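To start, the structure under review is shown below, and the notes come after it.
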Amino acid sequence: MARRGKASGRTADAGARGVVELPKGARPDGPVEGVYYIDTGDCELIADQDNSSGWLLRINGVMSSHIDLADPLFLDFEYMRWMAALIESRWPPESRPRLRGLHLGGGACSLARYFHAAYPEARQVVVELDGKLAEYVRGWFDLPKAPLLRLRVGEARAVTETLTPETRDFIIRDVFAGAFTPRPLTTAEFTEHVKRVLAPGGVYVVNSGDGPDLKSAREDAATIAAAFKHTVIIADPAMLKGRRYGNMVMAGSDRPFDDDPHLARRLLGGAVPAHIWDDTRVRAFATGASVRRDPQPPPPLPPSTAP
């Protein structure tokens with residue numbers, strides 16, 4: 001998705017880098033700059049000019065992820081920092097909870113690396129549609145091994161529908177095709193599958209991207225609010241006022257989100273200060289927006305009247 005983080009504007013043109021071709025069956029041994037062919041097109045690995053241990057990943061022309069090999073707790077993209085802050089507000093890392101996480105959308109696995117460092121006993125699964133990309137990411141970056149972190153190749157909705165009820169503490173949706181999340185991952189029916197898979201007290205967190213009209217964001221909010229009793233939205237003030245294209249972090253749970261002053265201060269203290277809206281404001285924001293539904297199957301054909 002375009003403009004997913006501030007890193008998206010600080011790199012050279014993709015055409016300046018050559019294609020990297022590995023022998024068939026070989027896995028990269030660490031990151032090497034260049035363009036790589038993957039199952040869904042191509043991706044580009046770019047050294048971060050502002051950080052000697054940092055790497056940027058662009059997928060099909062869209063900036064996707066940032067990794068700091070020296071510091072897994074460094075998140076370059078603002079919305080990822082907001083997601084991490086929200087999860088840590090519910091489960092303080094110092095209590096060493098054994099969290100079970102599901103990431104829908106892989107990229108460079110930035111958040112999965114972060115949560116492994118913050119919660120060393122966590123068990124996480126990252127669902128990535130592109131098998132070749134998942135293979136490259138394993139070879140490029142210092143990812144934890146299974147069972148601490150498993151990369152599962154598959155379509156996010158199909159995988160979610162197969163999971164056992166109440167087996168995840170948090171589920172993060174960060175899947176994009178171009179500027180928006182594929183519709184099948186945004187509907188009420190899919191959200192009910194997510195709710196079924198979450199354990200009591202679990203949290204569903206989504207990256208909702210939209211433009212100034214905020215139509216898609218309002219529909220996301222309405223759909224999540226219809227499924228969950230408690231919701232929040234985190235975003236910077238310009239985004240909340242519909243002044244630019246960008247990201248909102250939305251979350252739903254069956255348990256209230258505590259009024260955590262430390263979380264509010266942490267969100268305000270970042271490079272892009274963010275505000276958090278409580279459930280009342282989320283529902284006001286979603287007023288009048290449609291709850292997204294799966295398309296209805298066509299009606300059956302009438303019986304034949306031929307003699």
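The values are calculated or read from the model by the stated rules, or taken from the named source; none is laboratory data. Note that the structure is a prediction, hence the values are computed from the model and not measured. Please note: Cβ atoms are built from the backbone with ideal geometry, for glycine as well, and neighbour counts cover all protein chains shown.
Identify, by number, the condition in (1) buried (at least 21 other Cβ atoms within 10 Å of the Cβ); (2) over 26 Å from GLU189 (Cα atoms); (3) of a type in the set (Phe, Trp, Tyr) that TYR245 doesn't meet.
In the conditions (1) buried (at least 21 other Cβ atoms within 10 Å of the Cβ); (2) over 26 Å from GLU189 (Cα atoms); (3) of a type in the set (Phe, Trp, Tyr), TYR245 misses (1) alone.
Scan segment 83-92 and tell me whether some residue there is of a type outside the set (A, V, I, L, M), touching a Gly at 6+ places or on another chain (Cβ under 7 Å) and either within 27 Å of MET248 (Cα to Cα) or modelled with pLDDT under 95 (or both).
Looking through segment 83-92, none of the residues is of a type outside the set (A, V, I, L, M), touching a Gly at 6+ places or on another chain (Cβ under 7 Å) and either within 27 Å of MET248 (Cα to Cα) or modelled with pLDDT under 95 (or both).
Just for strands (runs of 3 or more DSSP E) wholly inside segment 25-128: which have at least 1 residues that are among the small types (Gly, Ala, Ser)?
34-38, 41-47, 54-59, 62-68, 100-104
Starting from segment 129-140, keep only residues that are within 11 Å of LEU151 (Cβ to Cβ), then list their pairs with residues that are of a type in the set (Asp, Glu) whose Cβ atoms are within a distance under 6 Å, requiring at least 6 positions of separation or different chains.
If the second residue must be of a type in the set (Asp, Glu), the pairs left are ASP130/ASP39; GLY131/ASP39; ALA134/GLU128.
I'd like to know if segment 253-261 contains one or more residues that are in the same structural domain as ARG183 (by TED's automatic domain parsing), touching a helix residue (DSSP H, G or I) at 6+ places or on another chain (Cβ under 6 Å) and crowded, with 19+ Cβ neighbours inside 10 Å.
No: zero hits.
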